[in-house]
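Okay, structure first, notes after.
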Amino acid sequence: MLKTSLKWGGYCGVLLVVIIVSGDYLMNGSSSDNFGSSEVFGYVTFVACLGMIYLAFNEVARSGAVKSETIWQKIMLGVAISAVAGLIFGFYNVIYTSYINPSFLDDYYNYYIAQLPVQSGPKYDAMVASLEAEKQMFMQPLTQFFVMSTTVLAVGIPESVILAVIHKKLAKT
């Protein structure tokens, strides 16, 4: 299972990065005008790429390596694939924000501040101060890596459960 997790997690993570980079290039996702749509595109890409978990289930079933794979084994395989893909995406994110587009976090926070429901007064000042404190934390590469890796994993866990149930049901028919 470890070999399968690494293989399919690697495929999934590389595909995830390729699609995100391509989408960023095609949609000019690094422009603050496109941050909202880029965010949606990113999550849709996470879900679509993690759909490869189903292919890993098929490979394990065809190989006969496991006589009767339980639903929990499928879920754990899916979670492991998601974790590997998350690690790859986390590394990419650190490289992107540190070397490829070092102004990204400043631009993103400025965009986020512009989206606040209030744009003046003491409540606005308090919200901006809070965001500035968070920004300092998120500027740390280790934090970025952890947050982005965990985001992919957080999408992958429920998707693994859903795909495991679907695969188990379809295998019986």
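The values are calculated or read from the model by the stated rules, or taken from the named source; none is laboratory data. Bear in mind that the values here come from a model prediction, so they are computed numbers and not experimental data. Every residue, glycine among them, receives a Cβ derived from its backbone with ideal geometry; neighbour counts consider all protein chains shown.
Going through the range 122-173 one residue at a time, which ones are among the hydrophobic types (A, V, I, L, M, F, W, C), within 16 Å of TYR108 (Cβ to Cβ) and assigned to a helix (DSSP H, G or I)? Within the range 122-173, MET127, VAL128, LEU131, ALA133, MET137, PHE138, VAL147, MET148 meet the criteria.
Restricted to the range 19-30, and to residues there that are surrounded by 13 or more Cβ atoms within 10 Å (Cβ to Cβ) and more than 16 Å from SER149 (Cα to Cα), the residue that is modelled with the lowest pLDDT is GLY29. When the residues of the range 59-110 are narrowed to those that are under 18 Å from PRO158 (Cα atoms) and not aliphatic (A, V, I, L, M), which ends up surrounded by the fewest Cβ atoms within 10 Å (Cβ to Cβ)? Once the filter is applied, the top-ranked residue is TRP72. Figure legend. Inter-residue proximity from the range 34-59: first residues under 13 Å from THR151 (Cβ atoms), second residues of a type in the set (Asp, Glu) and surrounded by 16 or more Cβ atoms within 10 Å (Cβ to Cβ), beta-carbon distance below 8 Å, spacing 6+ or different chains. Indicated pairs: VAL47/GLU159; LEU50/GLU159. Can you confirm whether VAL18 is under 14 Å from the mean Cα position of the chain (by Cα) and assigned to a helix (DSSP H, G or I)? Yes.
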